[in-house]
Amino acid sequence: MSETRLDGRPPDGTLGFLHVDMDAFFASVEIRRHPELLHEPVVVGGTGDRGVVAAASYVARSFGIYSAMPSAQARRLCPHAVFLPGDHAHYAEVSERVMAIFHDVTPLVEPLSMDEAFLDVRGALHGENIAPQIAKAVRDRVFETEQLTCSVGVATNKFLAKLATERAKPRPSATGPVFGSGVHVIDTGAELDFLHPLPVRDLWGVGPATGAKLSRMGIETVGDLAAQPERHLTGALGNAAGLHLHRLAHARDERPVEVGREAKSIGHEETFPKDLTDRGRLGRQLIRMADAVAGRLRDADLAGRTLTVKVRFADFTTITRSSTLSEPLNGGLAIARAAERLLDTVDIDAGVRLLGVSMSQLAELTAEQLSLDDLVGGSWSDADDVVGEIRDRFGGDAIGPATLSRPGTGLSRMKQGQRQWGPDQDL
């Protein structure tokens, strides 16, 4: 067990971890594109009845709208809200430029999502207490180059830096964001003074069930938790959870900033405007998803060993069917065929609300073993390579599976981020 220092401070006292979080990222990007929406309640996400909110502007948040809320509920809270379907490709471009700014500051950058990252700037300190100045410089440069704001937390470890960011965030109002400090610093030696008054539910790993259990034990704040002997927490919560929360309550987090975190899976899923019971229509959706997953795998020079099909029914019951394959796959046709076999084992009579396809156990693409048929007539991998080359030259919609072609409208391919937040209209 780690020991607490006599002065109560955590073992590592270097003020060099930054957590940067863009402010209402998707909504702010849309407002930048449409300045006339500056003082409007803007909601980005699925615009249909089954959609969810991906991001809400600070005006929209003043009505109680928040991310992951059903779009229908958001409309009830604010009938005059401006709903936008979102543009994943554009957000990714902006994110890439923002992350490049972070990398100009330090090579130790750990992206958590498009709009959030940890930075370890200890190598730039040279023994000086300049992490707060670096945080301000990052914030200023993001605004100067992108006309977007971000909030930055500075602390002695990742856990505290993320909590500090919440103190730096703007507050919602009916006229727009009410900006606070933009940068919040938890100074070395002040970690426990900051942490212990917080509600225990602010700790990572304290969900509703654990929070209720802790409340029954009389533990409401992080300070209450820190006062508990470690053995009491492990006895009540289990060894792993008890140790984890005991360490956090004493501001201990030894995790480094992880550079180059690799994706654990690549997948697509979609909520349909209406429940589907027709296997032909579901099969067509599987092909769209397999084609999209294959494209992302091949762009990353990856292949996957485990295929998973996710099915959510009308009553929100969700099941998965997985298969670990003998050889890694990254071809659209092969993924679609394997996914169809998995879906064939599922009774869909109750109606499918959501369908998803993903590949995991990812590894770098290597030479494949060819079958006799491949040697005679060429492999499906060769065909996938040709499709990829055509798309690179003429665009993503230049070629694709025939089943995805619609008369008069061309290919109905799924792009990354499409319908990520629910359906906008009927299929």
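Is it the case that residue 191 is farther than 30 Å from residue 90 by Cα and touching a residue at least 60 places away in the same chain (Cβ under 8 Å)?
Values: farther than 30 Å from residue 90 by Cα: yes; touching a residue at least 60 places away in the same chain (Cβ under 8 Å): yes.
The answer is yes for residue 191.
For residue 54, state whether it is assigned by TED's automatic domain parsing to the domain that holds residue 113, in contact with a strand residue (DSSP E or B) (Cβ under 8 Å, 6 or more places away or on another chain) and not charged (D, E, K, R). Outline the logic, then answer.
On the way: assigned by TED's automatic domain parsing to the domain that holds residue 113: yes; in contact with a strand residue (DSSP E or B) (Cβ under 8 Å, 6 or more places away or on another chain): yes; not charged (D, E, K, R): yes.
Yes, satisfied.
Identify, from the list 119, 125, the residue that is among the hydrophobic types (A, V, I, L, M, F, W, C), more than 29 Å from residue 59 (Cβ to Cβ) and surrounded by fewer than 17 Cβ atoms within 10 Å (Cβ to Cβ).
125
Would the range 163-183 turn up any residue that is over 30 Å from residue 33 (Cβ atoms), assigned to a loop (DSSP other than H, G, I, E, B) and in contact (Cβ under 8 Å) with a residue 60 or more places away in the chain?
Checked against the condition, which is being over 30 Å from residue 33 (Cβ atoms), assigned to a loop (DSSP other than H, G, I, E, B) and in contact (Cβ under 8 Å) with a residue 60 or more places away in the chain, the range 163-183 yields no hits at all.
Can you pull out the residues in the range 296-345 that are in contact (Cβ under 8 Å) with a residue 60 or more places away in the chain and either in a strand (DSSP E or B) or not assigned by TED's automatic domain parsing to the domain that holds residue 284 (or both)?
302, 303
Give me a count of the residues in the range 199-241 that are assigned to a helix (DSSP H, G or I) and over 29 Å from the mean Cα position of the chain (by Cα).
Counting residues in the range 199-241 that are assigned to a helix (DSSP H, G or I) and over 29 Å from the mean Cα position of the chain (by Cα) gives 13.
Which ones in the range 301-326 are touching a Leu at 6+ places or on another chain (Cβ under 8 Å) and among the small types (Gly, Ala, Ser)?
303, 304, 322, 323
Of these, 110, 128, which one is within 21 Å of the chain's Cα centre (by Cα) and among the acidic types (Asp, Glu)? So that I can check it myself, show each step before the final result.
Numbers: 128 fails: within 21 Å of the chain's Cα centre (by Cα).
Just a single option satisfies the conditions, and that option is 110.
Of all residues being in contact (Cβ under 8 Å) with a residue 24 or more places away in the chain and not in a strand (DSSP E or B) in the range 346-366, which is surrounded by the fewest Cβ atoms within 10 Å (Cβ to Cβ)? Just the residue, please.
Applying the first criterion (in contact (Cβ under 8 Å) with a residue 24 or more places away in the chain) to the range 346-366 yields 346, 348-366.
Checking which are not in a strand (DSSP E or B) leaves us with 346, 348-351, 365-366.
On the way: 346: 17, 348: 17, 349: 8, 350: 13, 351: 13, 365: 15, 366: 10.
Here the answer is 349.
Look at residue 225 and say whether it is at pLDDT below 95 and within 13 Å of residue 245 (Cα to Cα). Show your work before the answer.
Working: at pLDDT below 95: no; within 13 Å of residue 245 (Cα to Cα): yes.
Judged against the criteria, residue 225 is not a match.
So residue 113 clears everything in (1) out of contact with any Leu (no Cβ under 8 Å at 6 or more places or on another chain); (2) crowded, with 16+ Cβ neighbours inside 10 Å; (3) not hydrophobic (A, V, I, L, M, F, W, C) except one condition, right? Which one?
Going through (1) out of contact with any Leu (no Cβ under 8 Å at 6 or more places or on another chain); (2) crowded, with 16+ Cβ neighbours inside 10 Å; (3) not hydrophobic (A, V, I, L, M, F, W, C) one by one, residue 113 breaks only (2).
Being in contact with a helix residue (DSSP H, G or I) (Cβ under 8 Å, 6 or more places away or on another chain), at pLDDT below 95, assigned by TED's automatic domain parsing to the domain that holds residue 54 and not hydrophobic (A, V, I, L, M, F, W, C) is the requirement here; does residue 153 meet it?
no
Please enumerate the residues belonging to the range 297-317 that are charged (D, E, K, R) and in contact with a strand residue (DSSP E or B) (Cβ under 7 Å, 6 or more places away or on another chain).
Those that are charged (D, E, K, R) and in contact with a strand residue (DSSP E or B) (Cβ under 7 Å, 6 or more places away or on another chain): 301, 305, 310, 312.
Go through (1) out of contact with any helix residue (DSSP H, G or I) (no Cβ under 6 Å at 6 or more places or on another chain); (2) among the small types (Gly, Ala, Ser); (3) within 30 Å of residue 217 (Cβ to Cβ) for residue 260 and report which single condition fails.
(3)
What's the number of the condition residue 326 fails, among (1) farther than 28 Å from residue 71 by Cβ; (2) surrounded by 13 or more Cβ atoms within 10 Å (Cβ to Cβ)?
(2)
Tell me, which residue of the range 271-320 that is more than 23 Å from the chain's Cα centre (by Cα) and charged (D, E, K, R) is nearest to residue 336 (Cα to Cα)?
Only one residue fits best here, namely 284.
For the condition among the hydrophobic types (A, V, I, L, M, F, W, C) and either crowded, with 17+ Cβ neighbours inside 10 Å or within 25 Å of residue 189 (Cβ to Cβ) (or both), what is the one hit in 241, 251, 263, 209?
Exactly one residue qualifies, and that residue is 251.
The values are calculated or read from the model by the stated rules, or taken from the named source; none is laboratory data. Keep in mind the model is a prediction, meaning the values are calculated, not measured. Cβ atoms come from the backbone with ideal geometry, glycine included; neighbour counts cover every protein chain shown.
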